[in-house]
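As structure tokens, the structure follows; a few thoughts come after it.
The values are calculated or read from the model by the stated rules, or taken from the named source; none is laboratory data. Remember, predicted model here, so these are calculated numbers, not experimental data. Cβ sites come from the backbone with ideal geometry, for glycine too, and all protein chains shown count toward neighbours.
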Amino acid sequence: MNLTLLQYIILIFIENKTVNGEITNAPIKIIDLAQYLDVNVNLVITDVTGMILNSFNKTQNMSEGLVIVDSKDKKISESNTVSLNMNFSHVNSKLSFIPPSGKKKAQNQDTEKNKENNDVMSMQHMIIDSTITRIMKGRIGKQTTHSELITETVRQIELFVPKVDMVKFRIESLIEKKIIKRKDDNYDQYEYIS
């Protein structure tokens with residue numbers, strides 16, 4: 001039988017529950033168990049139900065599962081009590097733990113993917129910046145039009161196909177950094193600032 005993390009914790013808690021300093025198998029209310037574990041009571045009910053009404057319990061009897069619940073109608077509520085079934089036996093009685101997966105792992109993957117995307121974007125920006133700077137350095141004293149600069153930048157970059165909007169954005173960035181400037185008399189032409 002495979003157990004979720006919460007089912008495993010519930011079993012350990014029920015098994016090691018003490019009353020007046022002595023370990024006992026006294027039943028505990030599901031609501032009290034949920035409060036002690038600081039878990040939503042509906043999650044506790046779902047996991048307790050899974051330890052009772054499972055494929056190993058062919059008769060679907062509430063007293064023949066891994067735990068016992070004081071419910072007669074197979075409907076478990078927060079007011080029912082649960083205790084460990086000391087008479088539980090099954091041919092396949094090996095219990096295995098299913099490690100939690102899901103949200104945290106997915107969040108970590110999303111974070112890593114975002115970081116990779118940011119790293120790639122940053123690298124592309126550096127390549128575009130260096131290509132534009134190299135083109136403009138080679139044309140010192142010459143005028144370069146906006147469309148010529150974009151066309152030549154896209155043509156020279158072989159690692160990836162830069163989008164025109166990205167090249168325009170990087171040109172504006174280089175203007176702000178005072179690496180290139182627009183000609184005073186013609187806004188469509190650039191020159192390298194040495």
Given the conditions (1) modelled with pLDDT under 80; (2) surrounded by 13 or more Cβ atoms within 10 Å (Cβ to Cβ); (3) not in a helix (DSSP H, G or I), and given that Val39 satisfies all but one, which numbered condition is not satisfied? (1)
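Would you confirm, using the coordinates I've provided, whether Asn117 is loosely packed, with under 14 Cβ neighbours inside 10 Å and either assigned to a helix (DSSP H, G or I) or not polar (S, T, N, Q) (or both)? First the steps, then the outcome.
Numbers: loosely packed, with under 14 Cβ neighbours inside 10 Å: yes; either assigned to a helix (DSSP H, G or I) or not polar (S, T, N, Q) (or both): yes.
Yes: the conditions hold for Asn117.
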Kindly list, by first and then second residue, each pair from a residue in the stretch 65-83 that is touching a residue at least 24 places away in the same chain (Cβ under 8 Å) to a residue that is among the charged types (D, E, K, R), limited to pairs with Cβ atoms under 6 Å and residues at least 6 apart or on different chains. Asn80/Asp70; Thr81/Lys29; Thr81/Asp70
